[in-house]
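**Student:** I have a structure I would like to understand better, so I am pasting it below and will then ask my questions one at a time.
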Amino acid sequence: MAVVTLQLGPYAGFVGAHWWQLQSRAGAGAELRADALHRAGRARDPRAPRLVLLDLRGSLGSLRRDGSSSRDAGSDGAAAWHGSTTRHQGPPAQDAAPRGLGGQENTSSDGDTGLGALPLDKDASQNACHLEGRGQVWSDYLRVHLHPRSIFEIQRYNHDGDSNRLEAFGQGESLLSEPTYLEELEDKLHFFIEECDYLQGFQILCDMHDGFSGVGAKVTELLCDEYSGRGILSWGLTPIISNTGDPCKDFYRLMNTVLGTVHVSSHSSLFCPLSLNGSLGLRPQAPITLPYIHYDASLNYHSSAILAAALETMTVPYRLHTSQLSMMQLAEALNFSGRKVVAAGAAVPFSVSHGHSLPDALCSYQHAVPWKPLSSCGEQKDSFCFAQSVVLRGIGKENHISNPPPGTQPSSALHVYETGEEVLGNYLNMLSPGTLSISHLLQSPCKVQSPYPQFFSPLLNEQGFLLDKPRSHSAVVESIPVLTALQSSPVLHTALYNLYKELQKVDVRRWASFFAAGVELDDFQEALHELRTLSQCYKRNSEPDESEDEADSD
């Protein structure tokens, strides 16, 4: 039941770097299967992600290019990685050499050389790794082994600067229409696929705000055509949007997002936007706030860490040792009636007071949903949804149920159940009566040691549980409980339709440069129509019809 992951774009690299490290914390006997997303380890080669990542020249800023042979770490304490990378359309350059912060080089038994994982000693785990000032690219804090065939560096476009940028959907789409790039991508994919005993599908982490949305469209189309019957779960990532004051950049971002959403979702089993932005329009709403995390909205290092914790939890259903649920089955439970887009929500961390039970924690929310929106769709007006997959992790078995003293009346209906699974399942039924709910309850928490940012409230103890008063000492939060929800929800009707309306009001002919990059105006108009059709799939019967005059206006 193996999965191959693709990371497309710099922000996908940020999220991916945190995600792989969260997975690396799982110890022996864990509830999750390490081999679901990782290659089998060899004698001297710890398990590496079954991963292909595409990134731009300059995005791999801390990856060495000195071309030196195997040797000890340099004076900066970082070890070189001398595996091959693939480059096209750029000046001659030495092989890239990914390194971590004090990493150790490692050569596998098959001759491949990978990035050495960094052992976390006691001092390192007690002292948070403050990367706020130095984590400029995702490799600055990457501490896991990557296989040499994982990295695909695109030299044609630059990560920084004002020239040679991958800015438009059409640029990304045309990139993989070229045989050289396409053949190299297929070669890397086949390497990881051929060593799988059984391939259940693909995970796509794709930047949606720039030209990588076009790359994602072509990648999902390729996978859909060549691997029919396999699951394709796509996560559309958008970093927190700063106020640029540049109408051209805002328009490009919105166009990329809309075209990416339409095309990637059409070729995926399931597509989920992931972002901390309040909305994704031309004038996006402020980023969401989390009650027990104080993050810096200007740092990708921070925002990506929150999304990675949610992603690590939402993908649990098809990675469990005990679950027979496949990626495709999860998608089919949520995408019926054409609803291939789902909205994500998460409580990072899930609010549980120290020593309290799961029923206590859930009852504290009354009728409010216990998670924050992570798909830039805004807050839900109510808890209704068409279908959902909910995962809660980090609550020990001893706290799954209430154990009141003999003769004490249960304080709520949730306090009478005899298993944690019954508590969570019945809570979801009370929250959304009649909704198809798939729920999973795990004891193992999300482990957030360095280099995960220490941006947690002082009201949390080392295990991420709430205290009555702030800590008097600066203890590091080592793990947190996390609650996530993937929902086919009516809130998507409003979010998708609002994007449609915004572009309907814009005279797109003013932005000829966007269409010159490879998108035909007729194709854009067709995508806009598909976006409106998609939004209608999430409309509740009680909602009024939109005005046809408004919908069809220019």
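The values are calculated or read from the model by the stated rules, or taken from the named source; none is laboratory data. These figures come from a predicted structure and were not determined experimentally. So basically every Cβ, Gly included, is an ideal-geometry build from the backbone, and we count neighbours across all protein chains shown. Just the protein is used for accessible areas: all its heavy atoms, side chains included, with ligands, DNA and RNA removed. Shrake-Rupley method; radii C 1.70, N 1.55, O 1.52, S 1.80 Å.
**Student:** Out of (1) under 30 Å from Ala2 (Cβ atoms); (2) out of contact with any Cys (no Cβ under 6 Å at 6 or more places or on another chain); (3) among the small types (Gly, Ala, Ser), what's the single condition that is false for Ala297?
**Tutor:** Here Ala297 clears every test but (1).
**Student:** Still on this structure, I have one more. Return the only residue of Leu414, Leu441, Leu486 being of a type in the set (A, V, I, L, M), part of a strand (DSSP E or B) and over 30 Å from Gly281 (Cα atoms).
**Tutor:** The match here is Leu441.
**Student:** Also: Which of the residues belonging to region 381-411 are under 22 Å from Ser439 (Cα atoms), touching a Pro at 6+ places or on another chain (Cβ under 8 Å) and open to solvent by 50 Å² or more (accessible area, probe 1.4 Å)?
**Tutor:** The one that is under 22 Å from Ser439 (Cα atoms), touching a Pro at 6+ places or on another chain (Cβ under 8 Å) and open to solvent by 50 Å² or more (accessible area, probe 1.4 Å): Phe384.
**Student:** Quick one: is Leu280 under 30 Å from Asp507 (Cβ atoms) and either under 13 Å from the mean Cα position of the chain (by Cα) or buried (at least 20 other Cβ atoms within 10 Å of the Cβ) (or both)?
**Tutor:** Spelling it out, Leu280 is indeed under 30 Å from Asp507 (Cβ atoms) and either under 13 Å from the mean Cα position of the chain (by Cα) or buried (at least 20 other Cβ atoms within 10 Å of the Cβ) (or both).
**Student:** Take region 412-422 and flag every residue that is within 22 Å of Ile480 (Cβ to Cβ) and surrounded by fewer than 16 Cβ atoms within 10 Å (Cβ to Cβ).
**Tutor:** If the condition is that a residue be within 22 Å of Ile480 (Cβ to Cβ) and surrounded by fewer than 16 Cβ atoms within 10 Å (Cβ to Cβ), then Glu421 is the only one that fits.
**Student:** Hey, among the residues in region 286-340 that are hydroxyl-bearing (Ser, Thr, Tyr) and assigned to a loop (DSSP other than H, G, I, E, B), which one's surrounded by the most Cβ atoms within 10 Å (Cβ to Cβ)?
**Tutor:** Filtering region 286-340 for residues that are hydroxyl-bearing (Ser, Thr, Tyr) and assigned to a loop (DSSP other than H, G, I, E, B), the one surrounded by the most Cβ atoms within 10 Å (Cβ to Cβ) comes out as Thr315.
**Student:** Considering each of Thr533, Thr484 in turn, give the residue that is at pLDDT 95 or above, within 28 Å of Ser275 (Cβ to Cβ) and touching a strand residue (DSSP E or B) at 6+ places or on another chain (Cβ under 6 Å).
**Tutor:** Thr484
**Student:** Could you please tell me which pairs satisfy a Cβ distance under 9 Å, a separation of 6+ or placement on different chains, a first residue in region 223-242 that is at pLDDT 95 or above and in a loop (DSSP other than H, G, I, E, B), and a second residue that is open to solvent by less than 10 Å² (accessible area, probe 1.4 Å) and among the β-branched types (Val, Ile, Thr)?
**Tutor:** As it stands, the answer is Thr238/Thr257, since those pairs meet every condition given.
**Student:** Among the listed residues Pro370, Pro349, Pro359, which satisfies the condition of being open to solvent by less than 20 Å² (accessible area, probe 1.4 Å), out of contact with any Cys (no Cβ under 6 Å at 6 or more places or on another chain), closer than 16 Å to Leu431 by Cα and assigned to a loop (DSSP other than H, G, I, E, B)?
**Tutor:** Pro370
**Student:** Condition first: within 16 Å of Trp19 (Cβ to Cβ) and either more than 19 Å from the chain's Cα centre (by Cα) or among the basic types (Lys, Arg) (or both). Now tell me which residues in region 438-448 satisfy that.
**Tutor:** The answer is Ser444, Lys447.
**Student:** Right, another one. Looking at Gly425, Gly378, Gly464 in this structure, which one is outside any loop (DSSP other than H, G, I, E, B) and open to solvent by less than 60 Å² (accessible area, probe 1.4 Å)?
**Tutor:** Only one candidate passes the filter, namely Gly425.
**Student:** Here's another thing I want to ask about it. Just one of the numbered conditions (1) open to solvent by 10 Å² or more (accessible area, probe 1.4 Å); (2) touching a residue at least 12 places away in the same chain (Cβ under 8 Å) is not true of His190; which one?
**Tutor:** (2)
**Student:** I need the full set of residues from region 428-439 which are open to solvent by less than 30 Å² (accessible area, probe 1.4 Å) and in contact with a Ser or Thr (Cβ under 7 Å, 6 or more places away or on another chain), in order please.
**Tutor:** Listed by number, the residues that qualify are Leu428, Leu431, Ser432.
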